[in-house]
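The block underneath contains the structure these notes are about, expressed in structure tokens.
The values are calculated or read from the model by the stated rules, or taken from the named source; none is laboratory data. Computed from a predicted model, the values in this text were never measured in an experiment. Cβ placement follows ideal geometry from the backbone for every residue including glycine, while neighbour counts extend to all protein chains displayed.
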Amino acid sequence: MLLAATSALVSSAWALDLHVAMTSPAGERTAVTYHDVESGPLPALRLPVANGRRWTAEFAYDGGPGVAALKLRLVEQTMVGPFPGAVHRQLGGRIALSTVAASTRLPVDPQATLPSPISVPSGPAWVVEAKMVGAVSNGDGGVEATKLVEMGTQAASAGDVVTARDVLGRALAQFPGSRQAAAAERVLKELAAVGLAAPAIAPEKWIQGSLAYADAPATLLVYFEVWCPHCKREIPELAARAESLRAMGVQVLLVTRLSKTSTEEGTLSFLAEYGVPFATLVDDNSRMTDAAAVSGIPAAAIARDGVIIWRGHPARLDDATLRGLLGAP
């Protein structure tokens, strides 16, 4: 019922995007693509309780100039006396992916799947899939490429989607395989969410406060997890702007997922430490995350009148930009 995903640097010259999905015994499926995550363990993901048992999916990526591999271990958590978290049973799997070819970009292929389904003792099975969705050269496109990406990103931040798509599209076409082209592609993926229906507020759990879209003219959704160092910088900075946001008619909704490295207790401790007053919900099923085309964190979206009117990095949303987007005085 949950997912996992990541990407990795396969060598100093190549950045690899990797897409991983998990399908629950009930057929529910979620998926995420992460960008530029180095080889090694990935944040663990807590799966829903099945047959009274709690499982955690622990992923690790082995990347190199040769064959890349994704490893999965499912760990069952049980209760021993009053102490949670004792490992009762473990299952392992490994996906062999592919050698990274010396080309500017890999297609949405090759695809590999774990021995599927992964049978869980005393319960149904999860299906796990993984595939490479792109490999981009980290070469430098130079000053002109950098200028195009800066112009496109500024237009995206200001809500000028037409200009942003045009300029960033030129960066992709003129400097394929460059690090600037990779940056342009990431912003274009964010812009694809603009105009979509706002994610339905359907939390698995509220861990602080609650709200509805009808409570304010506009809602700023911010996606974060406490293991993310950039999130730990951006969320307190937003909290310091709470009054000015409220004055513009903007309410803030924090969306997070719980894992071995982002527990509910750790998240609440972080919110309390920095005096973060915003409503916070758990989106472990990734419905709200997927609906806003979020593939990396921190990420932000503005919803108004049931539609996403802005998508991007929260650092790009200063008060002046917000006023321009919302037509606030």
Could you please find all residues in the stretch 239-270 being within 19 Å of the chain's Cα centre (by Cα), among the β-branched types (Val, Ile, Thr) and not in a helix (DSSP H, G or I)?
252, 255, 256, 261, 263
What number of residues in the stretch 271-329 are over 16 Å from the mean Cα position of the chain (by Cα), in a helix (DSSP H, G or I) and of a type in the set (Lys, Arg)?
2
Taking the conditions exactly as written (in contact (Cβ under 8 Å) with a residue 60 or more places away in the chain, in contact with a Gly (Cβ under 7 Å, 6 or more places away or on another chain) and surrounded by fewer than 16 Cβ atoms within 10 Å (Cβ to Cβ)), does residue 197 satisfy them or not?
yes
If a residue has to be among the hydrophobic types (A, V, I, L, M, F, W, C), touching a helix residue (DSSP H, G or I) at 6+ places or on another chain (Cβ under 6 Å) and assigned to a strand (DSSP E or B) to count, how many in the stretch 175-217 make the cut?
1
Over the stretch 168-182, the set of residues at pLDDT 85 or above and surrounded by fewer than 23 Cβ atoms within 10 Å (Cβ to Cβ) is 169, 170, 172, 173, 174, 175
Output the number of the condition that residue 130 fails; it satisfies all remaining conditions of (1) surrounded by fewer than 22 Cβ atoms within 10 Å (Cβ to Cβ); (2) modelled with pLDDT under 90; (3) small (Gly, Ala, Ser).
(1)
Mind checking whether some residue in the stretch 271-283 is under 22 Å from residue 192 (Cα atoms) and among the charged types (D, E, K, R)?
yes
Filter the stretch 212-238 down to the residues that are aliphatic (A, V, I, L, M) and crowded, with 17+ Cβ neighbours inside 10 Å, then identify the one that is farthest from the chain's Cα centre (by Cα).
216
